[in-house]
Amino acid sequence: MVSPAFFPETIGTGHRHGETRFFGERPVSTQGFSLEPSAKPTAESVLASILENPGFGRYFTDHMAHIRWTEADGWHGHQVRPYGPLTLDPAASVLHYAQEIFEGIKAYRHADGSVWTFRPEKNAARFRTSARRLALPELSDEDFLGAIKALVTQDRTWVPTPASEAEESSLYLRPFMIASEAFLGVRPSKEVDFYVIASPVAAYFKGGVKPVSIWLSSNYKRASPGGTGAAKCGGNYAASLLAQKEAAEHGCDQVAFLDAVENTWIEELGGMNLFFVTKDGRLVTPRLTGTILEGVTRDSLLTLAKEEGLTPEERPISIDEWRDGVASGEITEVFACGTAAVITPIGKLVSENGTIEHPEGNQVAARLRKRLLDIQYGRAEDTHGWLTRLA
Ligand SMILES: *Cc1c(COP(=O)(O)O)cnc(C)c1O
C-alpha cells in the first residue's frame, strides 16, 4: 500500500487520474512527466456547461505540460502542472525579439470514448523546422508527443464528445516554445521553455460551414523569400493582423496574401492554405516555395484527392488565374484549409479592383471535408495510419 500522502492528487478531490504511475515518492503521469495536480480542478458541473458551448480558445483545461531547456542542461524537468500564469522576467527575450514558435493540433473523441490525434509526427517535424528557423533548440518527437499524451491523459474529461456528426467539437492543443532568458542583447536565448496548453473547442467559424469572404491585400505581405513564412511563429501572425483588420474594414472575414516579389502569385491566408477546384477535376494548391506554411491539412487533402477521383496539382497560381478562372467557369470552387477550421469554402474575393463572386455549391469542399472528419473522428477506416491514440 502506498500512503495517500504520496498521491496528493487523490486527496479530497474525488478526481480519478487515469494512468498515474508511481516512481519513488513522486507521482508521475504518463510518458515520464512528473505530475503536480491542480489543487482546484474545475467542478464537473462547470466543465459540463463549458463543454456545451466552448467557442474557440476561450477556456483552458486544468493542467499544462512543461519542459525546460538550458544551454547547460538541455531539455529537462518534464512536468504536467496546474494551468496558470507564467512568471517571466520583463527582460525575457521573447517579449522583445519574438523568439517564439507554436503548433496547432487537435484531440478527437471517438464513439467508444477513446481519444486520438491526427498525424502528430507531422506537427512534431514542423515544430523542429520552425525551431531551427527561429534559432531555438529542437525538441524531440518523443518529447513533443509525450507532452501532448501526458496532458491529454491528465485532462481527458475535457475532450468534448460530439453529439452528432455536425458537431465538430474537439480539444485544441497548443504546443509553444518561448525564449525566456532575461537578457537584452540580441542572440539566441540560452533558456527556453516549452509548454502545451489545451482548449475545448467547437467549430472555428460560428454558424456552420458557410462560405467566407476574402480580402486580397495589396498593401501588406505575409512572407518573403528568406524570411519566416514557412515557420509557424507568432511574429508572422503579428505581421498579418493589420491586413486582417483591413479585411474586416472591407467587410471580409479573412485576408489572402500574394507573393512579396512579383505581387502576382497566390500564397495563402493568414493562417490557412488555399485550394482551387477546376471543372475538369483537378485540385490545385500553390506549390511550397519557402514562403508558404506547409499545412498538415493541405498535405492530407493532396493524398485524399486521389481517392476522391481528383487530380492533385501543386504549382504556382496567379491572381489573374483566380479571377479569370472563376469568371470563365474553369475554377468551380475555392476553399481554405487548416486544423482549426478544417475546410472552409470561399464565397467571394474582394480587392481594390472589385469583387468576384464564386459559384455556390462547393460540393468538392464538402466531400473532402466529410472524408477528413470521418477519419479524424474514427467514423471511416484510417487506411493511411494517420491516427495516434492519446487516451
Ligand atoms: C498553421 C497554419 C496553416 C495550417 O496548417 P495545418 O497544419 O493544416 O493546421 C496554414 N497557414 C499558416 C500560416 C499556418 O500558421
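Of note:
- All positions within the range 362-374 that are surrounded by 13 or more Cβ atoms within 10 Å (Cβ to Cβ) and over 17 Å from residue 167 (Cβ atoms): 362, 364, 365, 367, 368, 371
- Residue 192 vs. criteria closer than 21 Å to residue 89 by Cβ and either outside any strand (DSSP E or B) or not assigned by TED's automatic domain parsing to the domain that holds residue 259 (or both): yes
- Test: residue in the range 125-148 that is open to solvent by less than 10 Å² (accessible area, probe 1.4 Å) and either closer than 18 Å to residue 202 by Cα or free of Cβ contacts under 8 Å to residues at least 24 places away in the same chain (or both): no
- Considering residues of the range 1-42 that are at pLDDT 75 or above and open to solvent by 50 Å² or more (accessible area, probe 1.4 Å) only, the residue nearest to residue 158 (Cα to Cα): 40
- Count of residues meeting criterion [open to solvent by 60 Å² or more (accessible area, probe 1.4 Å) and out of contact with any strand residue (DSSP E or B) (no Cβ under 6 Å at 6 or more places or on another chain)] in the range 289-313: 5
- Scanning the range 326-341 for residues that are buried (at least 20 other Cβ atoms within 10 Å of the Cβ) and farther than 25 Å from residue 294 by Cα yields a single hit, 326.
- Test: residue in the range 186-209 that is over 14 Å from the mean Cα position of the chain (by Cα), surrounded by fewer than 20 Cβ atoms within 10 Å (Cβ to Cβ) and within 16 Å of the ligand (Cβ to nearest atom): yes
- In the range 69-89, the residues that are surrounded by 12 or more Cβ atoms within 10 Å (Cβ to Cβ) and part of a strand (DSSP E or B): 69, 70, 75, 77, 78, 79, 80, 81, 82
- Pick from the range 251-280, criterion out of contact with any Asp or Glu (no Cβ under 9 Å at 6 or more places or on another chain), away from the ligand (no atom under 14 Å from the Cβ) and farther than 18 Å from residue 228 by Cβ, ranking: most open to solvent (accessible area, probe 1.4 Å): 262
Results for (1) assigned to a helix (DSSP H, G or I); (2) among the β-branched types (Val, Ile, Thr), shown as yes or no for each residue.
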{"residue": "277", "(1), (2)": "no, yes"}
{"residue": "280", "(1), (2)": "no, no"}
{"residue": "290", "(1), (2)": "no, no"}
{"residue": "299", "(1), (2)": "yes, no"}
{"residue": "320", "(1), (2)": "yes, no"}
{"residue": "335", "(1), (2)": "no, no"}
{"residue": "347", "(1), (2)": "no, no"}
{"residue": "382", "(1), (2)": "no, no"}
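- Hits in the range 345-359 (condition: open to solvent by 30 Å² or more (accessible area, probe 1.4 Å) and either touching a residue at least 40 places away in the same chain (Cβ under 8 Å) or aromatic (Phe, Trp, Tyr) (or both)): 348, 352
The values are calculated or read from the model by the stated rules, or taken from the named source; none is laboratory data. Everything numeric here is computed off the predicted structure, so don't read it as measured data. When we count neighbours, we look across all protein chains shown, and the Cβ atoms used for this are built from the backbone with ideal geometry, even at glycine. These accessible areas exclude ligands, DNA and RNA; they are computed on the full protein's heavy atoms, side chains included. Shrake-Rupley method; radii C 1.70, N 1.55, O 1.52, S 1.80 Å.
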